[in-house]
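A.B. asks: Submitted below is the structure of interest, expressed as structure tokens.
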Amino acid sequence: MSEDEEDETRGGEEKRRSPDPGRGGGGGANPPPPFSDQVLENVLENVLQFLDSRRDRNAVSLVCRSWCRAEAQTRRDLFIGNCYAVSPARAVERFRRVRALVLKGKPRFADFNLVPPRWGAGFYPWLAALAPAYPWLERLCLKRMSISDADLSLLALSFPTFRDLTLICCDGFGTAGLAAIAEHCRHLRVLDLIENDVEEEEEEMVDWVSRFSTTSLESLVFDFVGCAVNLDALEALVARSPSLRRLRVNQHVSVGHLRRLMERAPQLTHLGTGSFGEGGGGGGEVEVADLEAAFAASRSLVCLSGFRDLAPEYLPAICPACANLASLNLSYADITAEQLKPVIIHCHNLQTFWVLDTVGDEGLQVVAATCKDLRELRVFPLDVTEDSEGSVSDVGLVAISQGCRKLRSILYFCQRMTNAAVATMSENCQELVVFRLCIMGRHRPDHLTREPMDEGFGAIVMNCKKLTRLAVSGLLTDKAFGYIGMYGKLLRTLSVAFAGNSDLGLRYVLEGCPKLQKLEIRDSPFGDAGLLSGIHHYYNMRFLWMSSCKLSLRGCKEVAQRLPHLVVEWIRDKPEEDDGEAVEKLYVYRSLAGRRNDAPPFVEIL
Amino acid sequence: MEGEATYVSDLDNLKATELRLGLPGTDAPEKPTPASPRGSKRALLAADEECQSKSKSLGADSSGQEAAPVAKAQVVGWPPIRSYRKNSFQARKAEEEAAGLFVKVSMDGAPYLRKIDLKVYEGYKELRKALENLFKCFSLGELSGMEGCNGSEYAITYEDKDGDWMLVGDVPWEMFISSCKRLRIMSGSEARGMRSSP
């Protein structure tokens with residue numbers, strides 16, 4: 001599972017703190033170094049090739065020109081956290097021997113329809129630079145990029161040793177592109193399509209599963225590709241892929257077909273079921289006992305997901321696999337606590353658990369009682385509206401905090417919460433690195449005391465000393481931000497919505513959190529004064545997003561003028577509401593490439 | 001929390017030296033509403049007022065529940081759930097409510113049928129208008145399927161869950177869309193017959 005697995009390590013991009021063009025470029029224009037230096041460089045290269053962490057590599061590259069060159073020659077894995085932070089040409093010029101690339105595009109709020117379509121983050125300009133520069137490219141991971149079928153086709157044809165393609169939250173492509181990848185990437189090992197927007201008309205669908213030419217497939221993930229696939233072809237593919245370890249299918253694969261696939265691939269470690277009930281594409285009903293036998297035979301399973309269209313009587317079929325499970329995603333299964341219990345009580349080794357709030361506080365209590373090793377918990381809402389009843393609350397949160405002391409990451413959607421519960425979690429779960437609480441009703445206070453949620457979040461930043469990512473919600477005053485600024489010294493990512501009273505709140509954060517990298521804010525009363533208070537810090541950040549705040553053109557222009565290496569985008573996608581002075585959507589990021597040349601008409605770069 | 005007392009006074013000091021774009025001496029924490037408030041901001045302000053009044057009434061609401069919720073404007077992208085997740089449940093709900101949504105509309109004499117989504121209409125008036133638009137190329141004139149009245153010779157009828165053909169307009173709208181399986185615009189004598197029934 002990789003929903004929003006933001007890599008939190010700092011400074012992963014090619015970018016440096018104070019962009020210095022002198023250091024950044026490749027060695028093209030410089031005279032060759034003297035002989036002894038060349039020897040040193042060769043020795044250095046041999047040493048550096050063992051260095052994996054990009055943070056270490058960035059540090060190495062800052063030592064001197066010689067080290068910078070050597071490091072550039074040996075960097076195999078390139079991470080570009082913002083595709084607009086550096087031009088493709090510059091990236092490939094500096095790093096000549098890249099085998100793997102991670103490239104991220106749109107800001108995260110694009111997932112919630114806040115970024116208009118066709119905003120940008122097209123993959124083609126990168127592809128055009130990568131193809132001639134890295135003929136031996138093996139791995140590519142794109143997140144929130146726009147990639148077309150033609151791009152996928154070109155990709156498949158440009159890199160003869162291409163192995164791994166991972167697309168996360170991307171859009172613009174369909175089955176034709178997938179077919180090109182399947183057909184032309186003869187050494188394909190990984191095709192992971194995670195939460196992409198793949199929508200197609202039935203007539204345009206291509207049978208991409210039949211086109212696979214590889215025999216070394218290790219991972220195939222297509223759980224959210226909307227169209228039905230050729231099930232016979234899928235089965236044949238699984239049968240001829242002895243290295244297959246991860247398989248996640250979409251809801252058009254019925255339980256009957258799933259069982260056959262499992263029989264073909266008993267060595268699977270990660271399995272995503274299709275429809276786990278009455279739905280799916282026919283293929284015959286399956287006895288629960290037979291399904292259970294299939295799970296018993298799959299002795300290597302450590303990760304289970306899927307369970308769409310669940311018929312609850314099928315769920316216990318997974319019990320034989322539960323004791324070995326490290327990760328279980330039931331967040332598409334509308335089940336009660338009673339239905340969860342018989343399954344979860346076997347999951348002693350569970351480290352990651354995603355679930356729907358339909359299990360209620362009671363279900364979470366069972367989880368807390370059993371899953372003592374839990375590291376990550378996500379509780380999603382079934383009813384995604386503000387006024388819904390909400391089935392989990394502070395009670396569930398407290399139970400989890402008491403039972404799962406090793407918790408590192410939590411995402412919790414609810415309608416009722418208390419400061420006391422959040423504070424209790426902060427005291428019990430000292431390992432927390434990620435704390436994301438979403439009280440869905442806007443501006444909701446503590447439901448018992450009617451106070452703002454300031455104290456609860458304050459306790460989190462104060463007590464959880466390892467916290468790097470925080471998302472706040474509920475009724476919050478500037479005080480909450482005061483706490484964040486005062487205690488959130490390791491904070492890298494902060495998400496704010498419908499919170500705060502004044503510019504002071506934003507100022508506390510920008511002045512108090514030295515490690516802040518990503519700040520996304522919506523519908524909060526922060527204006528120009530708050531924005532300007534971050535001028536000293538914006539070059540150290542990957543991005544700032546502010547929408548429906550109180551920004552004006554004057555303040556945004558000032559930021560743009562004072563920080564020439566910052567790209568300040570004013571997104572005006574609602575011209576009918578635009579009065580020419582207020583800035584409804586602002587997206588700010590540092591860049592060595594200057595203003596982009598592919599900005600659509602509704603983006604004004606200040 | 002520790003240091004709270006000093007913190008509060010710090011807050012006061014900060015407020016005293018705070019840089020604002022407003023005139024010194026004004027105390028409003030929020031800027032006054034602009035001349036033409038935007039939709040989302042209006043919702044935000046309305047929600048603000050509502051919640052401040054709720055949070056001030058300490059102890060007044062002993063049940064701990066929110067007061068009867070004011071219908072809030074739906075805000076884009078809130079709660080923050082990705083669309084594929086929302087859609088995966090809505091798609092199922094839609095399938096379960098098979099009776100109500102897309103229905104075929106046939107009109108006597110027209111060479112082909114149409115399909116409409118009943119959910120997008122708020123009531124019978126909109127539906128009639130939409131049907132007029134759909135079939136206007138067949139020179140419909142004014143559709144009146146409601147109470148028997150003068151004018152055109154058409155009546156709008158629908159087939160309900162039991163398979164009976166009913167005149168559109170008798171039952172409340174919600175009941176209608178939950179039981180309507182298809183629509184038929186009847187013409188001529190059949191229509192007259194339906195309209196003249198009590």
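The values are calculated or read from the model by the stated rules, or taken from the named source; none is laboratory data. Please read these numbers as outputs of a predicted model, since none were measured by experiment. Neighbour counts run over all protein chains shown; Cβ positions are idealised from the backbone, glycine included. The accessibility values were calculated without ligands, DNA or RNA, using every heavy atom of the protein model including side chains. Shrake-Rupley method; radii C 1.70, N 1.55, O 1.52, S 1.80 Å.
A.B. asks: Starting from segment A:57-69, take each residue that is of a type in the set (Gly, Ala, Ser) and list its partners that are open to solvent by 20 Å² or more (accessible area, probe 1.4 Å) and not in a helix (DSSP H, G or I), counting only C-beta distances under 7 angstrom and pairs at least six apart or across chains.
C.D. replies: Matching pairs, first to second residue: A:Ser66/A:Pro33.
A.B. asks: A follow-up question, please. Do we have any residue at all in segment A:25-46 that's farther than 30 Å from B:Ile81 by Cβ, open to solvent by 10 Å² or more (accessible area, probe 1.4 Å), at pLDDT 95 or above and part of a loop (DSSP other than H, G, I, E, B)?
C.D. replies: No, because not a single residue in segment A:25-46 is farther than 30 Å from B:Ile81 by Cβ, open to solvent by 10 Å² or more (accessible area, probe 1.4 Å), at pLDDT 95 or above and part of a loop (DSSP other than H, G, I, E, B).
A.B. asks: Could you list, in sequence order, the residues of segment A:76-112 that are open to solvent by less than 20 Å² (accessible area, probe 1.4 Å) and part of a loop (DSSP other than H, G, I, E, B)?
C.D. replies: A:Gly81, A:Asn82, A:Cys83, A:Ala85, A:Val86, A:Phe95, A:Val98, A:Gly105, A:Pro107
A.B. asks: Only one of (1) touching a Cys at 6+ places or on another chain (Cβ under 9 Å); (2) within 14 Å of chain B (Cβ to nearest Cβ) fails for A:Pro107. Which number is that?
C.D. replies: (1)
A.B. asks: While we're on this one: Restricting attention to segment A:390-412, does a residue exist that is part of a strand (DSSP E or B), within 22 Å of A:Gly277 (Cα to Cα) and not basic (Lys, Arg)?
C.D. replies: no
A.B. asks: Within segment A:208-232, which residues are under 17 Å from A:Gly274 (Cβ atoms) and more than 28 Å from the chain's Cα centre (by Cα)? Give the derivation first.
C.D. replies: From segment A:208-232, those under 17 Å from A:Gly274 (Cβ atoms) are A:208-209, A:219-232; that's our starting set.
Residues satisfying the conditions are A:Asn230, A:Leu231, A:Asp232.
A.B. asks: All but one of (1) out of contact with any Pro (no Cβ under 6 Å at 6 or more places or on another chain); (2) more than 22 Å from A:Leu268 (Cα to Cα) hold for A:Pro342; which doesn't?
C.D. replies: The one condition A:Pro342 does not meet is (1).
Rundown of residues vs (1) out of contact with any Phe, Trp or Tyr (no Cβ under 6 Å at 6 or more places or on another chain); (2) within 14 Å of another protein chain (Cβ to nearest Cβ); (3) not basic (Lys, Arg), yes/no style:
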{"residue": "A:Leu350", "(1), (2), (3)": "yes, no, yes"}
{"residue": "A:Gln365", "(1), (2), (3)": "yes, no, yes"}
{"residue": "A:Cys371", "(1), (2), (3)": "yes, no, yes"}
{"residue": "A:Arg375", "(1), (2), (3)": "yes, no, no"}
{"residue": "A:Asp394", "(1), (2), (3)": "yes, yes, yes"}
{"residue": "A:Ile400", "(1), (2), (3)": "yes, no, yes"}
{"residue": "A:Ala421", "(1), (2), (3)": "yes, yes, yes"}
{"residue": "A:Cys429", "(1), (2), (3)": "yes, no, yes"}
{"residue": "A:Val434", "(1), (2), (3)": "yes, no, yes"}
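A.B. asks: How many residues are open to solvent by 40 Å² or more (accessible area, probe 1.4 Å), in a helix (DSSP H, G or I) and either closer than 18 Å to A:Ser533 by Cα or at pLDDT 95 or above (or both) if we restrict to segment A:548-606?
C.D. replies: Here the count works out to 5.
A.B. asks: OK, next. Among the residues of segment A:454-498 satisfying the criterion of being under 18 Å from A:Cys429 (Cβ atoms) and of a type in the set (D, E, K, R), which is farthest from the other protein chains (Cβ to nearest Cβ)?
C.D. replies: A:Lys466
A.B. asks: All but one of (1) open to solvent by 10 Å² or more (accessible area, probe 1.4 Å); (2) at pLDDT below 95 hold for A:Ala529; which doesn't?
C.D. replies: All conditions pass for A:Ala529, except number (2).
A.B. asks: If a residue has to be farther than 20 Å from A:Phe112 by Cβ and either within 14 Å of chain B (Cβ to nearest Cβ) or touching a Gly at 6+ places or on another chain (Cβ under 9 Å) (or both) to count, how many in segment A:558-595 make the cut?
C.D. replies: Total satisfying the criteria: 13.
A.B. asks: Pairs please, first residue from segment A:438-450 and within 13 Å of B:Val75 (Cβ to Cβ), second anywhere and among the polar types (S, T, N, Q) and not in a loop (DSSP other than H, G, I, E, B), Cβ atoms under 8 Å, 6+ apart in sequence or on different chains.
C.D. replies: Close Cβ pairs (under 8 Å, with a partner that is among the polar types (S, T, N, Q) and not in a loop (DSSP other than H, G, I, E, B)) do not exist here.
A.B. asks: Next question. Kindly indicate whether A:Val115 is within 14 Å of chain B (Cβ to nearest Cβ), crowded, with 17+ Cβ neighbours inside 10 Å and in a loop (DSSP other than H, G, I, E, B).
C.D. replies: Yes, satisfied.
A.B. asks: Out of the residues in segment A:63-75 meeting the condition of being surrounded by 14 or more Cβ atoms within 10 Å (Cβ to Cβ) and of a type in the set (A, V, I, L, M), tell me which one is nearest to the chain's Cα centre (by Cα).
C.D. replies: Filtering first and then ranking leaves A:Ala72.
A.B. asks: Here is a follow-up. Mind listing just one residue for me: the one in segment A:535-547 that is within 13 Å of chain B (Cβ to nearest Cβ) and of a type outside the set (Phe, Trp, Tyr) and, of those, surrounded by the fewest Cβ atoms within 10 Å (Cβ to Cβ)?
C.D. replies: A:Ile535
A.B. asks: Scan B:Lys125, B:Lys115 and give me the residue that is modelled with pLDDT of 85 or more, open to solvent by 50 Å² or more (accessible area, probe 1.4 Å) and in a strand (DSSP E or B).
C.D. replies: It is B:Lys115.
A.B. asks: Looking at segment A:380-391, can you tell me whether even one residue there is within 22 Å of A:Cys464 (Cβ to Cβ), out of contact with any Pro (no Cβ under 7 Å at 6 or more places or on another chain), free of Cβ contacts under 8 Å to residues at least 60 places away in the same chain and crowded, with 21+ Cβ neighbours inside 10 Å?
C.D. replies: So far as segment A:380-391 goes, no, none of its residues is within 22 Å of A:Cys464 (Cβ to Cβ), out of contact with any Pro (no Cβ under 7 Å at 6 or more places or on another chain), free of Cβ contacts under 8 Å to residues at least 60 places away in the same chain and crowded, with 21+ Cβ neighbours inside 10 Å.
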